[in-house]
Structures are given as C-alpha cells and as structure tokens.
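Scroll down for the structure; my scribbles are underneath it.
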Amino acid sequence: MKRTLNILLISALTISIGFISMALPFRLFDTLTQLQMRFLLAGEIAVYFCIFSAYFGGREAKAQRRARDEKLRAQHEERVARRNDEMKGICVNNFDLAA
C-alpha cells in the first residue's frame, strides 16, 4: 500500500512538473528575450540534473548500505561459527557450552 501510494505520488509530481516545464517557455516566449530564454533553458537543465542526481544518488547509497550490512552479517555469522567450533567439547556441570 505504501509503495503504491509512493509510486502514484511520484508519478503525479513528475507529470505536473513535466507539464509546467514544457508550458512555461511557451507562455513566456513573447515576453522574454532570447538571452533570457537561454537562461531559462539552462535553469531547467540544472533542475533536471539535480533531480536525476538525487534520485540515483539515493539508490546508490541504499545499494551500498545493503551490501555493507550483508558483509557485516556474514562476518558475524563466521565469528559465531568459529566460536562454536572452539567451544565444542567444553562441558561445565554436564552442560555442553557449544550447544
């Protein structure tokens, strides 16, 4: 449910921002000079680049975090297994410590 809502929200925002970014230059075409239109285009491209960088930067950070967590989990399991092998056969009051 949360994922579906997130997808719908992102889609609605993308459609509305896309419409505004396409309509804005046409609405301002008669009022702005050619230099101002170039600045507007450069600004739009900068905004697109920032959104692109934020989206893929977040995905990359999540992938790195997942890989780091998996590596730490594997190291932990290896240490537990090694410790169990070392403790095997040690009994205190007829209680096997490795069990």
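The values are calculated or read from the model by the stated rules, or taken from the named source; none is laboratory data. Computed from a prediction, not measured in an experiment: that's the story for all the values here. Please note: Cβ atoms are built from the backbone with ideal geometry, for glycine as well, and neighbour counts cover all protein chains shown. We work out accessible area using only protein heavy atoms, side chains counted, and drop any ligands, DNA or RNA first. Shrake-Rupley method; radii C 1.70, N 1.55, O 1.52, S 1.80 Å.
Remarks
- Positions within the range 41-79 being hydroxyl-bearing (Ser, Thr, Tyr) and open to solvent by 90 Å² or more (accessible area, probe 1.4 Å), in sequence order: 48, 55
- Residues located in the range 22-60, provided they are over 28 Å from the mean Cα position of the chain (by Cα) and among the charged types (D, E, K, R): 27, 30, 38
- Pairing residues of the range 76-99 that are outside any helix (DSSP H, G or I) and among the hydrophobic types (A, V, I, L, M, F, W, C) with residues that are open to solvent by 70 Å² or more (accessible area, probe 1.4 Å) and at pLDDT below 65, at Cβ distances under 7 Å and at least 6 apart in sequence or on separate chains, gives 90/97.
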